[in-house]
1. Give me the percent of Cα-Cα pairs in the range 60-167 that sit more than 24 Å apart, rounded to a whole number.
2. Using all Cα-Cα distances in the range 35-77, what percent lands in each 5 angstrom bin from 0 up to the longest?
3. Extending each Cα 7 Å along its Cβ direction at GLN253 and ARG54, get the distance between those two points in nm, one decimal.
4. Under a cut-off of 23 Å between alpha-carbon atoms, report the lysines in cross-link reach of LYS189, not counting same-chain residues fewer than 8 places apart.
5. Give me the distance between the Cα centres of the range 64-85 and the range 250-295, rounded to whole Å.
6. Take the alpha carbon atoms of the chain, find their radius of gyration, then divide it by 2.2 N^0.38 Å using N residues; give the quotient.
7. Suppose every Lys and Arg Cβ carries +1 and every Asp and Glu Cβ carries -1, with no other charges. What dipole size does the chain come out with about its Cα centre, to the nearest 20 debye?
8. May I ask you to derive the FRET efficiency for ALA176 and ASP371 from their Cβ-Cβ distance with R0 = 51 Å, giving the value to the nearest 0.05?
Amino acid sequence: MLAEINFDGIVGPSHNYAGLSHGNIASTIHLGDTSYPRRAALEGVAKMRANIRRGLPQGVLLPHRRPNMAWLATLQADIAGASEQLRAAAFSASPMWAANAATVSPAPDTADGRCHLTVANLRTMPHRSHEWPETLEQLKLAFGDERHFRVHPPVWPAFGDEGAANHMRLTARHDAPGVEVFVYGVRGKSFPARQHVEACRAVARFHGLGPERTLFVQQSETAIGAGAFHNDVVAVANENVLFAHEQAFDEPQQLYADLRRLLPEVEIVEVPADRVSLADAVKSYLFNAQLVTLPEGGMALILPEEARETAPVWAWLQELVSGNGPIRELIVVDVRQSMANGGGPACLRLRVVADPGTIDPRFLVDETKLDRIEDCIERHWPESIAPAQLADPALAEQVIGARTALLNVLDLTVLA
Ligand code: SUG
(Lines give C-alpha, C1' and ligand atoms only; values in the text may rest on other atoms or scores of the structure.)
Protein backbone atom coordinates (compact mmCIF):
# COMPACT_ATOMS: atom_id res chain seq x y z
CA MET A 1 0.00 0.00 0.00
CA LEU A 2 1.38 3.39 -0.97
CA ALA A 3 1.61 5.89 1.87
CA GLU A 4 3.11 9.33 2.26
CA ILE A 5 6.16 9.08 4.50
CA ASN A 6 7.97 12.15 5.81
CA PHE A 7 11.72 11.67 6.16
CA ASP A 8 12.98 14.31 8.55
CA GLY A 9 16.61 15.33 8.61
CA ILE A 10 17.90 14.80 12.15
CA VAL A 11 19.55 18.09 13.13
CA GLY A 12 23.28 17.48 13.25
CA PRO A 13 25.51 18.20 16.26
CA SER A 14 27.30 21.04 14.43
CA HIS A 15 24.17 23.19 13.93
CA ASN A 16 25.35 26.81 13.99
CA TYR A 17 24.54 30.28 12.68
CA ALA A 18 27.09 31.40 10.11
CA GLY A 19 24.99 33.63 7.84
CA LEU A 20 25.90 31.53 4.83
CA SER A 21 22.74 31.87 2.75
CA HIS A 22 22.47 35.19 0.93
CA GLY A 23 18.78 35.70 0.11
CA ASN A 24 17.62 33.77 3.18
CA ILE A 25 16.76 36.60 5.54
CA ALA A 26 16.70 34.52 8.75
CA SER A 27 20.19 33.15 8.01
CA THR A 28 21.52 36.68 7.50
CA ILE A 29 19.85 38.11 10.61
CA HIS A 30 21.16 35.36 12.88
CA LEU A 31 24.76 35.45 11.68
CA GLY A 32 27.03 35.14 14.70
CA ASP A 33 24.34 34.06 17.17
CA THR A 34 25.11 31.25 19.57
CA SER A 35 23.28 28.11 18.43
CA TYR A 36 21.83 25.31 20.55
CA PRO A 37 22.34 22.05 18.64
CA ARG A 38 20.93 19.81 21.37
CA ARG A 39 17.78 21.87 21.62
CA ALA A 40 17.53 22.05 17.82
CA ALA A 41 17.71 18.28 17.42
CA LEU A 42 15.22 17.70 20.24
CA GLU A 43 12.78 20.14 18.62
CA GLY A 44 13.02 18.06 15.46
CA VAL A 45 12.41 14.83 17.35
CA ALA A 46 9.38 16.34 19.09
CA LYS A 47 7.92 17.31 15.72
CA MET A 48 8.37 13.75 14.45
CA ARG A 49 6.88 12.29 17.61
CA ALA A 50 3.78 14.47 17.34
CA ASN A 51 3.29 13.34 13.73
CA ILE A 52 3.66 9.67 14.65
CA ARG A 53 1.03 10.17 17.36
CA ARG A 54 -1.32 11.53 14.71
CA GLY A 55 -0.85 8.28 12.81
CA LEU A 56 1.53 9.63 10.14
CA PRO A 57 4.37 7.34 8.94
CA GLN A 58 7.80 8.78 9.71
CA GLY A 59 11.36 8.24 8.54
CA VAL A 60 14.71 9.93 9.14
CA LEU A 61 17.77 11.03 7.21
CA LEU A 62 21.02 11.32 9.11
CA PRO A 63 23.44 14.16 9.73
CA HIS A 64 26.42 14.14 7.38
CA ARG A 65 30.10 13.83 8.29
CA ARG A 66 31.03 17.19 9.77
CA PRO A 67 33.35 18.97 9.63
CA ASN A 68 33.63 17.79 6.03
CA MET A 69 37.38 17.32 5.84
CA ALA A 70 37.19 15.47 2.52
CA TRP A 71 35.54 18.51 0.93
CA LEU A 72 38.09 20.86 2.45
CA ALA A 73 40.83 18.64 1.06
CA THR A 74 39.46 19.15 -2.47
CA LEU A 75 40.24 22.83 -1.87
CA GLN A 76 43.69 22.07 -0.44
CA ALA A 77 42.45 23.30 2.94
CA ASP A 78 41.98 21.96 6.44
CA ILE A 79 40.04 23.17 9.49
CA ALA A 80 42.96 25.02 11.06
CA GLY A 81 44.03 26.82 7.88
CA ALA A 82 40.60 27.52 6.35
CA SER A 83 39.07 30.99 6.29
CA GLU A 84 36.18 31.56 8.66
CA GLN A 85 33.65 31.26 5.83
CA LEU A 86 35.14 28.05 4.51
CA ARG A 87 35.37 26.52 7.96
CA ALA A 88 31.72 27.36 8.63
CA ALA A 89 30.76 25.80 5.30
CA ALA A 90 32.58 22.61 6.28
CA PHE A 91 30.76 22.52 9.62
CA SER A 92 27.29 23.40 8.36
CA ALA A 93 24.48 21.14 9.55
CA SER A 94 22.43 22.14 6.49
CA PRO A 95 21.57 18.53 5.51
CA MET A 96 18.90 18.82 8.25
CA TRP A 97 16.72 20.55 5.62
CA ALA A 98 15.71 17.34 3.91
CA ALA A 99 13.30 19.11 1.55
CA ASN A 100 16.47 20.03 -0.35
CA ALA A 101 17.86 16.48 -0.42
CA ALA A 102 16.16 15.32 -3.60
CA THR A 103 13.15 15.59 -5.91
CA VAL A 104 10.79 12.65 -5.62
CA SER A 105 8.34 11.34 -8.23
CA PRO A 106 6.14 8.58 -6.84
CA ALA A 107 5.58 5.37 -8.84
CA PRO A 108 2.13 6.27 -10.25
CA ASP A 109 3.70 9.23 -12.13
CA THR A 110 6.67 7.56 -13.79
CA ALA A 111 7.10 5.66 -17.05
CA ASP A 112 8.62 2.56 -15.42
CA GLY A 113 6.25 2.45 -12.44
CA ARG A 114 9.04 2.95 -9.91
CA CYS A 115 9.47 5.80 -7.47
CA HIS A 116 12.30 8.02 -8.76
CA LEU A 117 14.50 10.24 -6.60
CA THR A 118 17.08 12.69 -7.98
CA VAL A 119 19.56 14.04 -5.46
CA ALA A 120 19.78 17.85 -5.55
CA ASN A 121 23.11 19.40 -6.57
CA LEU A 122 22.58 22.47 -4.34
CA ARG A 123 25.28 24.21 -6.30
CA THR A 124 24.24 27.80 -5.56
CA MET A 125 25.45 27.92 -1.95
CA PRO A 126 28.98 26.61 -1.29
CA HIS A 127 28.05 25.21 2.13
CA ARG A 128 25.26 23.17 0.55
CA SER A 129 27.13 22.15 -2.59
CA HIS A 130 28.98 19.39 -0.74
CA GLU A 131 25.86 17.67 0.60
CA TRP A 132 25.04 15.59 -2.45
CA PRO A 133 27.56 12.72 -2.17
CA GLU A 134 26.35 11.76 1.30
CA THR A 135 22.71 12.33 0.42
CA LEU A 136 23.20 9.97 -2.52
CA GLU A 137 24.87 7.42 -0.23
CA GLN A 138 21.95 7.50 2.22
CA LEU A 139 19.18 7.47 -0.37
CA LYS A 140 20.80 4.52 -2.17
CA LEU A 141 20.70 2.64 1.09
CA ALA A 142 17.21 3.65 2.22
CA PHE A 143 15.68 3.16 -1.23
CA GLY A 144 17.98 0.39 -2.42
CA ASP A 145 15.23 -1.98 -3.60
CA GLU A 146 15.49 -1.48 -7.33
CA ARG A 147 12.18 -3.18 -8.02
CA HIS A 148 10.52 -0.16 -6.44
CA PHE A 149 12.98 2.73 -6.56
CA ARG A 150 15.46 4.43 -8.83
CA VAL A 151 17.87 6.85 -7.17
CA HIS A 152 19.61 9.25 -9.57
CA PRO A 153 22.79 11.22 -8.91
CA PRO A 154 22.44 15.01 -9.16
CA VAL A 155 21.86 16.86 -12.39
CA TRP A 156 25.25 18.01 -13.65
CA PRO A 157 25.92 21.29 -11.80
CA ALA A 158 25.65 23.51 -14.86
CA PHE A 159 22.14 24.27 -13.55
CA GLY A 160 21.12 24.77 -9.92
CA ASP A 161 18.76 22.24 -8.39
CA GLU A 162 17.44 22.47 -4.81
CA GLY A 163 15.17 19.44 -4.78
CA ALA A 164 11.67 18.99 -3.43
CA ALA A 165 11.51 22.53 -2.00
CA ASN A 166 10.79 23.67 -5.57
CA HIS A 167 8.52 20.82 -6.59
CA MET A 168 4.85 20.12 -5.85
CA ARG A 169 2.72 17.12 -6.70
CA LEU A 170 -1.03 17.40 -6.97
CA THR A 171 -3.22 14.35 -7.24
CA ALA A 172 -6.69 13.08 -6.38
CA ARG A 173 -5.07 10.49 -4.07
CA HIS A 174 -1.46 9.69 -3.25
CA ASP A 175 -1.68 6.39 -5.17
CA ALA A 176 -3.24 7.95 -8.31
CA PRO A 177 -1.18 9.58 -11.11
CA GLY A 178 -0.31 13.14 -10.21
CA VAL A 179 0.44 16.44 -11.85
CA GLU A 180 4.02 17.40 -11.02
CA VAL A 181 4.79 21.11 -10.80
CA PHE A 182 8.41 22.24 -10.99
CA VAL A 183 8.99 25.81 -9.84
CA TYR A 184 12.08 27.60 -11.10
CA GLY A 185 13.50 31.06 -10.56
CA VAL A 186 14.94 33.49 -13.10
CA ARG A 187 15.61 36.65 -11.12
CA GLY A 188 15.26 37.60 -7.48
CA LYS A 189 16.00 41.35 -7.37
CA SER A 190 19.23 41.48 -5.33
CA PHE A 191 18.93 37.82 -4.30
CA PRO A 192 19.96 34.75 -6.31
CA ALA A 193 17.42 32.47 -7.99
CA ARG A 194 18.60 29.02 -6.92
CA GLN A 195 16.49 26.71 -9.10
CA HIS A 196 17.15 26.64 -12.84
CA VAL A 197 14.49 25.59 -15.32
CA GLU A 198 16.94 23.32 -17.15
CA ALA A 199 17.56 21.39 -13.95
CA CYS A 200 13.78 20.95 -13.56
CA ARG A 201 13.46 19.68 -17.12
CA ALA A 202 16.35 17.27 -16.65
CA VAL A 203 14.82 15.83 -13.46
CA ALA A 204 11.47 15.37 -15.21
CA ARG A 205 13.25 13.47 -18.03
CA PHE A 206 15.24 11.31 -15.60
CA HIS A 207 12.02 10.41 -13.82
CA GLY A 208 10.16 9.53 -17.02
CA LEU A 209 7.28 11.90 -16.30
CA GLY A 210 4.54 12.32 -18.90
CA PRO A 211 5.02 15.77 -20.48
CA GLU A 212 1.26 16.33 -20.52
CA ARG A 213 1.11 16.03 -16.72
CA THR A 214 4.23 18.05 -15.92
CA LEU A 215 4.25 21.82 -15.44
CA PHE A 216 7.22 24.19 -15.28
CA VAL A 217 6.26 27.36 -13.49
CA GLN A 218 8.28 30.47 -12.80
CA GLN A 219 8.58 31.75 -9.26
CA SER A 220 7.85 35.48 -9.06
CA GLU A 221 10.82 37.79 -8.85
CA THR A 222 9.00 39.68 -6.09
CA ALA A 223 8.78 36.54 -3.96
CA ILE A 224 12.50 35.70 -4.31
CA GLY A 225 13.33 39.36 -3.70
CA ALA A 226 11.26 39.29 -0.49
CA GLY A 227 13.26 36.32 0.82
CA ALA A 228 11.42 33.31 -0.64
CA PHE A 229 14.66 31.61 -1.65
CA HIS A 230 12.73 28.38 -2.22
CA ASN A 231 9.16 28.02 -3.48
CA ASP A 232 8.20 26.15 -0.30
CA VAL A 233 8.48 29.45 1.57
CA VAL A 234 5.39 30.70 -0.33
CA ALA A 235 3.46 27.58 -1.42
CA VAL A 236 2.73 24.01 -0.40
CA ALA A 237 0.60 21.26 -1.93
CA ASN A 238 -0.89 18.04 -0.68
CA GLU A 239 -3.10 15.67 -2.69
CA ASN A 240 -5.67 17.92 -4.43
CA VAL A 241 -4.94 21.09 -2.45
CA LEU A 242 -2.61 23.93 -3.37
CA PHE A 243 -2.04 26.49 -0.61
CA ALA A 244 -0.12 29.48 -1.96
CA HIS A 245 0.52 33.18 -1.58
CA GLU A 246 -0.98 35.44 -4.24
CA GLN A 247 2.52 36.60 -5.21
CA ALA A 248 4.25 33.22 -5.22
CA PHE A 249 4.24 32.67 -8.99
CA ASP A 250 5.05 34.82 -11.99
CA GLU A 251 1.81 33.84 -13.76
CA PRO A 252 -0.50 32.38 -11.12
CA GLN A 253 -3.65 32.41 -13.25
CA GLN A 254 -1.96 30.28 -15.90
CA LEU A 255 -0.88 27.76 -13.27
CA TYR A 256 -4.34 27.62 -11.71
CA ALA A 257 -5.98 27.15 -15.14
CA ASP A 258 -3.56 24.35 -16.03
CA LEU A 259 -4.19 22.62 -12.72
CA ARG A 260 -7.97 22.85 -13.13
CA ARG A 261 -7.67 21.36 -16.61
CA LEU A 262 -5.38 18.51 -15.56
CA LEU A 263 -6.95 17.83 -12.17
CA PRO A 264 -10.60 18.89 -12.00
CA GLU A 265 -10.69 18.00 -8.26
CA VAL A 266 -8.01 20.59 -7.45
CA GLU A 267 -8.76 23.06 -4.64
CA ILE A 268 -6.69 26.23 -4.72
CA VAL A 269 -6.39 28.18 -1.49
CA GLU A 270 -4.74 31.48 -2.33
CA VAL A 271 -3.76 33.89 0.41
CA PRO A 272 -4.25 37.49 -0.76
CA ALA A 273 -1.37 39.91 -0.34
CA ASP A 274 -3.65 42.48 1.27
CA ARG A 275 -4.31 40.03 4.12
CA VAL A 276 -0.81 38.58 4.50
CA SER A 277 2.10 40.51 3.03
CA LEU A 278 5.04 38.65 1.51
CA ALA A 279 7.17 40.04 4.33
CA ASP A 280 4.86 38.46 6.93
CA ALA A 281 4.73 35.22 4.94
CA VAL A 282 8.54 35.04 4.96
CA LYS A 283 8.81 36.00 8.63
CA SER A 284 6.09 33.62 9.83
CA TYR A 285 6.65 30.73 7.39
CA LEU A 286 2.93 29.92 7.23
CA PHE A 287 3.47 28.26 3.85
CA ASN A 288 6.47 26.30 5.08
CA ALA A 289 3.95 24.13 6.82
CA GLN A 290 3.52 20.42 6.40
CA LEU A 291 0.12 20.10 4.77
CA VAL A 292 -0.94 16.59 5.70
CA THR A 293 -3.95 14.34 5.25
CA LEU A 294 -4.93 12.95 8.65
CA PRO A 295 -5.80 9.25 8.93
CA GLU A 296 -9.28 10.20 10.21
CA GLY A 297 -9.82 12.41 7.12
CA GLY A 298 -9.38 16.11 6.51
CA MET A 299 -6.14 18.04 6.20
CA ALA A 300 -4.04 19.83 8.78
CA LEU A 301 -1.29 22.41 8.55
CA ILE A 302 1.71 21.77 10.79
CA LEU A 303 2.98 25.30 11.36
CA PRO A 304 5.86 26.92 13.20
CA GLU A 305 5.21 28.95 16.38
CA GLU A 306 6.21 32.03 14.40
CA ALA A 307 2.96 31.73 12.38
CA ARG A 308 0.91 31.98 15.58
CA GLU A 309 2.97 34.99 16.70
CA THR A 310 2.40 36.98 13.50
CA ALA A 311 -1.02 38.60 14.07
CA PRO A 312 -2.29 38.99 10.46
CA VAL A 313 -1.15 35.46 9.62
CA TRP A 314 -2.85 33.87 12.61
CA ALA A 315 -6.05 35.82 11.99
CA TRP A 316 -6.13 34.62 8.40
CA LEU A 317 -5.45 31.02 9.41
CA GLN A 318 -8.29 31.11 11.95
CA GLU A 319 -10.67 32.11 9.17
CA LEU A 320 -9.27 29.40 6.94
CA VAL A 321 -10.03 26.56 9.35
CA SER A 322 -13.42 27.90 10.40
CA GLY A 323 -14.63 27.87 6.79
CA ASN A 324 -15.74 24.86 4.78
CA GLY A 325 -12.46 24.38 2.98
CA PRO A 326 -10.25 21.29 2.90
CA ILE A 327 -7.85 22.50 5.63
CA ARG A 328 -9.48 21.80 8.98
CA GLU A 329 -6.83 21.98 11.65
CA LEU A 330 -3.76 23.98 12.68
CA ILE A 331 -1.01 22.14 14.56
CA VAL A 332 1.73 24.39 15.93
CA VAL A 333 5.27 23.12 16.51
CA ASP A 334 8.39 24.72 17.96
CA VAL A 335 11.33 24.46 15.55
CA ARG A 336 12.84 27.83 16.45
CA GLN A 337 16.46 26.72 16.19
CA SER A 338 15.95 25.65 12.58
CA MET A 339 13.70 28.64 11.84
CA ALA A 340 16.50 31.01 12.81
CA ASN A 341 18.41 29.62 9.81
CA GLY A 342 15.38 29.82 7.52
CA GLY A 343 14.18 26.25 7.88
CA GLY A 344 10.55 25.63 8.89
CA PRO A 345 8.60 22.42 9.51
CA ALA A 346 8.38 21.62 5.79
CA CYS A 347 12.08 22.28 5.11
CA LEU A 348 12.97 19.64 7.66
CA ARG A 349 11.28 16.83 5.76
CA LEU A 350 11.44 14.99 2.44
CA ARG A 351 8.15 13.45 1.38
CA VAL A 352 8.19 10.05 -0.28
CA VAL A 353 5.05 8.27 -1.43
CA ALA A 354 5.88 4.57 -1.32
CA ASP A 355 5.05 1.29 0.39
CA PRO A 356 6.88 1.46 3.74
CA GLY A 357 7.59 -2.27 3.44
CA THR A 358 9.92 -1.58 0.48
CA ILE A 359 12.17 0.87 2.41
CA ASP A 360 15.22 -0.06 4.50
CA PRO A 361 13.65 -0.23 7.99
CA ARG A 362 16.69 1.41 9.56
CA PHE A 363 15.47 4.70 8.10
CA LEU A 364 11.92 4.34 9.49
CA VAL A 365 11.10 5.37 13.05
CA ASP A 366 8.49 4.70 15.68
CA GLU A 367 8.26 6.18 19.16
CA THR A 368 10.57 3.60 20.71
CA LYS A 369 13.27 4.37 18.19
CA LEU A 370 12.75 8.08 18.74
CA ASP A 371 13.29 7.52 22.46
CA ARG A 372 16.70 6.05 21.66
CA ILE A 373 17.55 8.85 19.26
CA GLU A 374 16.51 11.41 21.86
CA ASP A 375 18.65 9.78 24.51
CA CYS A 376 21.65 9.84 22.16
CA ILE A 377 21.11 13.53 21.38
CA GLU A 378 20.81 14.39 25.06
CA ARG A 379 24.06 12.63 25.80
CA HIS A 380 26.23 13.63 22.86
CA TRP A 381 25.01 16.80 21.10
CA PRO A 382 26.79 20.04 22.13
CA GLU A 383 24.55 22.21 24.23
CA SER A 384 25.65 25.38 22.44
CA ILE A 385 28.05 26.58 19.76
CA ALA A 386 29.38 30.13 19.68
CA PRO A 387 30.90 31.09 16.31
CA ALA A 388 34.51 31.16 17.58
CA GLN A 389 34.24 27.54 18.70
CA LEU A 390 34.30 26.30 15.11
CA ALA A 391 38.07 26.74 15.23
CA ASP A 392 38.37 24.66 18.39
CA PRO A 393 39.52 21.07 17.70
CA ALA A 394 37.54 19.91 20.75
CA LEU A 395 34.30 20.87 19.04
CA ALA A 396 35.18 18.91 15.90
CA GLU A 397 35.92 15.90 18.06
CA GLN A 398 32.59 16.15 19.88
CA VAL A 399 30.65 16.56 16.62
CA ILE A 400 32.31 13.49 15.10
CA GLY A 401 31.73 11.43 18.24
CA ALA A 402 28.07 12.45 18.45
CA ARG A 403 27.38 11.33 14.89
CA THR A 404 29.15 8.02 15.48
CA ALA A 405 26.98 7.42 18.56
CA LEU A 406 23.84 8.03 16.48
CA LEU A 407 25.00 5.64 13.74
CA ASN A 408 25.40 2.97 16.40
CA VAL A 409 21.91 3.57 17.75
CA LEU A 410 20.40 3.25 14.28
CA ASP A 411 22.54 0.28 13.23
CA LEU A 412 23.92 2.39 10.38
CA THR A 413 27.64 2.25 11.05
CA VAL A 414 27.98 1.49 7.35
CA LEU A 415 27.74 5.29 6.99
CA ALA A 416 30.66 5.92 9.36
O1 SUG B 1 19.45 26.66 2.14
N2 SUG B 1 19.71 27.70 5.48
C3 SUG B 1 19.06 26.88 4.49
C4 SUG B 1 17.59 26.76 4.78
C5 SUG B 1 16.91 25.76 3.89
C6 SUG B 1 15.44 25.76 4.02
N7 SUG B 1 14.86 24.79 3.17
C8 SUG B 1 13.71 24.92 2.49
N9 SUG B 1 13.15 26.07 2.29
N10 SUG B 1 13.21 23.87 1.96
C11 SUG B 1 19.30 27.45 3.08
O12 SUG B 1 19.31 28.66 2.95
C13 SUG B 1 21.64 28.68 6.63
C14 SUG B 1 23.00 28.22 7.14
C15 SUG B 1 23.75 29.28 7.88
O16 SUG B 1 23.62 30.45 7.55
O17 SUG B 1 24.50 28.92 8.82
C18 SUG B 1 21.06 27.74 5.60
O19 SUG B 1 21.77 27.05 4.90
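The values are calculated or read from the model by the stated rules, or taken from the named source; none is laboratory data. Only a predicted model underlies this, so the values are computations on that prediction, with no experimental measurement involved. Here the Cβ positions follow ideal geometry from the backbone for every residue, glycine too, while neighbour counts run over all protein chains shown. Quick note on the areas: whole protein, heavy atoms, side chains included, nothing else; ligands and nucleic acids left out. Shrake-Rupley method; radii C 1.70, N 1.55, O 1.52, S 1.80 Å.
1. Result: 28 percent of Cα pairs exceed 24 Å.
2. Here the calculated profile for the range 35-77 is 5, 17, 16, 17, 13, 12, 9, 6, 4, 1.
3. 3.5 nm
4. List returned: LYS283.
5. Each part's Cα centre sits 40 Å from the other's.
6. Rg over 2.2 N^0.38 Å, computed on Cα atoms: 0.91.
7. Dipole magnitude for the chain comes out near 480 debye.
8. 0.90
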